[in-house]
Amino acid sequence: MSEAPRKHSLTLGGHRTSVSLEDDFWTGFKAMALGRGLGINELAREIDAARDPGTGLATAIRLAVLRYYRDR
């Protein structure tokens, strides 16, 4: 797996966007969505709605993945 972030496409509120995440975080994000019974776009919408306006979406996703695995 690559350690450099790679762009991944998401759809939020009908709009396409991309986030740059390292492969391990992307894998964790997909597993988190599956574990919660959500699609990745649904989970990204939840994270996007809950994040602080000063926090980028990619950072918010990384933090959500970290909390998900830390709290398990």
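A Cβ-based charge dipole, computed about the Cα centre of the chain with Lys and Arg at +1 and Asp and Glu at -1, lands at about 100 debye. Across the chain, C-alpha contacts under 8 Å between residues 6 or more apart give a mean separation that, scaled by the residue count, equals a relative contact order of 27 percent. Maximal additional length on extending the ARG45-THR27 stretch stands at 4.7 nm, based on 0.36 nm per residue less the C-alpha distance. Per-residue 3J(HN,Hα) values for the stretch 25-34, derived from phi via the Karplus relation 6.51 cos²θ - 1.76 cosθ + 1.60 with θ = phi - 60°, read 5, 5, 4, x, 5, 5, 5, 4, 4, 4 Hz in sequence order (x marks Gly and Pro).
Comparing THR11, THR55, THR27 in a Gaussian network model of the chain where C-alpha atoms under 10 Å apart are linked, the largest mean-square fluctuation is found at THR55. Once the 1.4 Å probe is applied to the protein heavy atoms, the stretch 4-72 comes out at 61 Å² accessible per residue.
Using just its DSSP H runs of length 4 or more, each adding -39500 (n - 2.57), the chain gives a mean residue ellipticity at 222 nm of -16500 deg cm²/dmol after division by all residues. Which percent of the accessible heavy-atom area of the chain goes to carbon and sulfur, probe 1.4 angstrom? Carbon and sulfur: 51 percent of the exposed surface of the chain.
In this structure the amide hydrogen of GLU22, modeled in the peptide plane, comes within under 5 Å of the amide hydrogens of ARG6, none closer than 5 places in sequence on its chain. Remark: the stretch 44-58, residue by residue, has Karplus-estimated 3J(HN,Hα) of 4, 4, 4, 5, 4, 5, 8, 6, 5, x, x, 9, x, 4, 4 Hz, where x stands for each Gly or Pro and the curve is 6.51 cos²θ - 1.76 cosθ + 1.60 at θ = phi - 60°.
When the chain is modelled as a GNM with alpha-carbon springs shorter than 10 Å, which of ALA31, ALA50, ALA60 fluctuates the most? Comparing ALA31, ALA50, ALA60 in a Gaussian network model of the chain, the most mobile one is ALA50. Neighbours of LEU43 by Cβ distance under 11 Å: Lys/Arg scored +1, Asp/Glu scored -1, total 0. The convex hull drawn around the Cα atoms of the chain, when projected onto a plane and averaged over every direction, covers 4.9 nm².
In this structure the amide hydrogen of LEU38, modeled in the peptide plane, comes within under 5 Å of no amide hydrogen from residues 5 or more places off or on another chain.
The values are calculated or read from the model by the stated rules, or taken from the named source; none is laboratory data. In this text, all values refer to a predicted model and were calculated from it rather than measured experimentally. Methodologically, a virtual Cβ is constructed for each residue, glycine included, from the backbone with ideal geometry; neighbour enumeration extends over all protein chains shown. In case anyone asks, the SASA skips ligands and DNA or RNA and just uses the protein heavy atoms, side chains included. Shrake-Rupley method; radii C 1.70, N 1.55, O 1.52, S 1.80 Å.
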